[in-house]
Amino acid sequence: MADDAQHEHEFEAAGDSGASATFPLQCSALRKGGFVVMKGRPCKVIDMSTSKTGKHGHAKVNYTGTDIFNGRKYEDMSPSTHNVDVPNVSRDEFTLIDVAEDFLSLMDDSGEMKEDIKVPEGELGDKLREEFAEGKEILVTILKAMGIEAAISYKEAPKGGQ
């Protein structure tokens with residue numbers, strides 16, 4: 001009989017579900033307002049048009065998108081029958097606990113702390129620091145896609161509990 005000790009494995013929880021950062025979607029199924037990977041960056045589709053089939057058969061889809069993290073604009077073209085990568089995008093709200101140097105200390109609904117998100121640059125970051133310094137309770141919206149996380153907006157938490 002085989003030794004059972006070799007079949008006993010211990011698996012450590014890595015904290016990642018193992019889900020892919022992207023999934024394929026047929027180009028013709030893209031919609032305005034949807035997400036697509038362009039030049040390796042997660043983008044939101046802001047404009048698209050389809051050209052007629054030519055002499056050699058494939059309709060082409062022209063699409064324009066803006067990077068969801070830095071706002072840069074990208075354009076691309078692909079045959080409508082080909083697959084494009086679509087990023088898995090998630091949006092979560094966290095309670096702001098502290099602003100330490102350039103990082104936010106955030107807490108989710110279950111009490112887990114998150115301290116690796118940078119303060120947004122520009123006007124959004126300045127206003128967030130200002131309102132937090134005034135003692136307001138703030139909820140920060142974190143957008144996550146393709147291993148990138150960033151604070152994209154915030155609002156004052158509702159008074160009297162949630």
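The values are calculated or read from the model by the stated rules, or taken from the named source; none is laboratory data. Computed from a predicted model, the values in this text were never measured in an experiment. Heads up, the Cβs are rebuilt from the backbone with ideal geometry, glycines too, and the neighbour counts pull from every protein chain shown. Each accessible area value is taken on the protein alone, full model and side chains, heavy atoms only, with ligands, DNA and RNA left out. Shrake-Rupley method; radii C 1.70, N 1.55, O 1.52, S 1.80 Å.
Assorted remarks:
- Taking every protein chain into account, the accessible area of the chain amounts to 68 square angstrom per residue (probe 1.4 Å).
- Across all directions, the average projected area of the convex hull around the alpha carbons of the chain is 16.7 nm².
- GNM top mover of 143, 30, 124 - the chain, alpha-carbon springs below 10 Å: 124
- Unsatisfied cross-links (Cα-Cα over 20 Å) in the set 39/60; 44/155; 39/155; 114/144; 73/118: 44/155; 39/155; 73/118
- Here the spin labels are modelled as points 7 Å beyond Cα on the Cα-Cβ line, and at residue 103 and residue 133 they lie 2.2 nm apart.
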